[in-house]
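Colleague: Following this message is one structure expressed as structure tokens.
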Amino acid sequence: MSGCAPASAGDPAADKPTVKEPVAAPSVAPSPSATSESDATTSFLAWLTASRVPEVDEACAPLAPDLVDRMLAEMRSDGFPEVSTCEEMITVSAELYRAFDQSAEVDIDVQSETASDAVLFVTYLASGDCGTVVMQRPASEWIITEQTEECA
């Protein structure tokens, strides 16, 4: 599944994704209140954590409807025809990640970030899966609009 990384079973601390390497600085000058971790990175990591617990409302909220539709179609083509909602997708995915006992540790490279758009390159360290995460912030919250799978 695109942009998904398994969490370790039974260890609540292992369910929380971490960034292994320092996150690259945004391609635009950071605001004076910026920390070493970009705003988009923080938002993505919050989504990743919610998707692994799972906290379905928090995990579905930042996903664009078109992205959810594509992710559901991918799950159906992968043999999960009964999965028809974002909430079901997040729940099934979290169960699979625990079953495979994989860490949710990620390496994130911020390729670009402005106040309203961001592109992250995310590598899931346990599986080697990686891809681009495209985010937009039309208001105060980041929305994930695209996730690609580029390597495994």
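The values are calculated or read from the model by the stated rules, or taken from the named source; none is laboratory data. If you're wondering where the values come from, they're calculated on a predicted model, not measured in any experiment. When we count neighbours, we look across all protein chains shown, and the Cβ atoms used for this are built from the backbone with ideal geometry, even at glycine. Accessible surface areas use protein heavy atoms only, side chains included; no ligands, DNA or RNA. Shrake-Rupley method; radii C 1.70, N 1.55, O 1.52, S 1.80 Å.
Colleague: Name the one entry in GLU37, GLU55, GLU87 that is at pLDDT below 95 and farther than 15 Å from GLN136 by Cα. Give the steps one after another, and end with the answer.
Modeller: Details: GLU55 fails: at pLDDT below 95; GLU87 fails: at pLDDT below 95.
The conditions single out GLU37.
Colleague: Here is a further query. Give me a count of the residues in the stretch 88-109 that are open to solvent by 20 Å² or more (accessible area, probe 1.4 Å) and either within 15 Å of the chain's Cα centre (by Cα) or within 23 Å of THR42 (Cβ to Cβ) (or both). Explain how you work it out, then say what you get.
Modeller: Filtering the stretch 88-109 for residues open to solvent by 20 Å² or more (accessible area, probe 1.4 Å) gives 88, 91-92, 95-96, 98-103, 105, 107, 109.
Retained after the next criterion (residues that are either within 15 Å of the chain's Cα centre (by Cα) or within 23 Å of THR42 (Cβ to Cβ) (or both)): 91, 102-103, 105, 107, 109.
Selection size over the stretch 88-109: 6.
Colleague: Is it true that some residue in the stretch 120-135 is open to solvent by 40 Å² or more (accessible area, probe 1.4 Å), without any contact (Cβ under 8 Å) to a residue 24 or more places away in the chain and within 24 Å of ASP57 (Cα to Cα)?
Modeller: yes
Colleague: For the stretch 138-151: of the residues being touching a helix residue (DSSP H, G or I) at 6+ places or on another chain (Cβ under 8 Å) and either of a type in the set (D, E, K, R) or surrounded by fewer than 19 Cβ atoms within 10 Å (Cβ to Cβ) (or both), which is farthest from ASP101 (Cα to Cα)? Steps first, answer last, please.
Modeller: Going through the stretch 138-151, the residues touching a helix residue (DSSP H, G or I) at 6+ places or on another chain (Cβ under 8 Å) turn out to be 141-142, 144-147.
Checking which are either of a type in the set (D, E, K, R) or surrounded by fewer than 19 Cβ atoms within 10 Å (Cβ to Cβ) (or both) leaves us with 141, 145-146.
Working: GLU141: 31, THR145: 28, GLU146: 26 Å.
Going through the qualifying residues, I end up with GLU141.
Colleague: Name the strands (runs of 3 or more DSSP E) wholly within the stretch 78-152 that hold at least 2 residues that are within 14 Å of VAL68 (Cβ to Cβ)?
Modeller: 143-147
Colleague: Let me ask something else. Limited to the stretch 75-87, what total is found for residues that are touching a residue at least 24 places away in the same chain (Cβ under 8 Å) and open to solvent by 50 Å² or more (accessible area, probe 1.4 Å)?
Modeller: Residues meeting the conditions: 2.
Colleague: Could you list, in sequence order, all residues of the stretch 51-60 that are open to solvent by 20 Å² or more (accessible area, probe 1.4 Å) and either in contact (Cβ under 8 Å) with a residue 40 or more places away in the chain or among the hydroxyl-bearing types (Ser, Thr, Tyr) (or both)?
Modeller: Listed by number, the residues that qualify are VAL53, PRO54.
Colleague: I need a count of the residues in the stretch 34-50 that are part of a helix (DSSP H, G or I), farther than 12 Å from VAL133 by Cβ and either of a type outside the set (Ser, Thr, Tyr) or in contact (Cβ under 8 Å) with a residue 12 or more places away in the chain (or both). Give the derivation first.
Modeller: Quick first cut of the stretch 34-50, residues part of a helix (DSSP H, G or I) only: 39-50.
Remaining after also requiring farther than 12 Å from VAL133 by Cβ: 39, 42, 46, 49-50.
From what's left, either of a type outside the set (Ser, Thr, Tyr) or in contact (Cβ under 8 Å) with a residue 12 or more places away in the chain (or both): 39, 46, 49-50.
Final tally of qualifying residues: 4.
Colleague: Moving on to the next point. Name the residues in the stretch 61-73 that are assigned to a helix (DSSP H, G or I) and surrounded by fewer than 16 Cβ atoms within 10 Å (Cβ to Cβ), would you?
Modeller: Residues of the stretch 61-73 that are assigned to a helix (DSSP H, G or I), as a first pass: 65-73.
Those that are assigned to a helix (DSSP H, G or I) and surrounded by fewer than 16 Cβ atoms within 10 Å (Cβ to Cβ): PRO65, ASP66, ASP69, ARG70, ALA73.
Colleague: Further question: Does ALA13 meet the test of being part of a helix (DSSP H, G or I), modelled with pLDDT of 95 or more and open to solvent by 20 Å² or more (accessible area, probe 1.4 Å)?
Modeller: Numbers: part of a helix (DSSP H, G or I): yes; modelled with pLDDT of 95 or more: no; open to solvent by 20 Å² or more (accessible area, probe 1.4 Å): yes.
So ALA13 does not fit the description; no.
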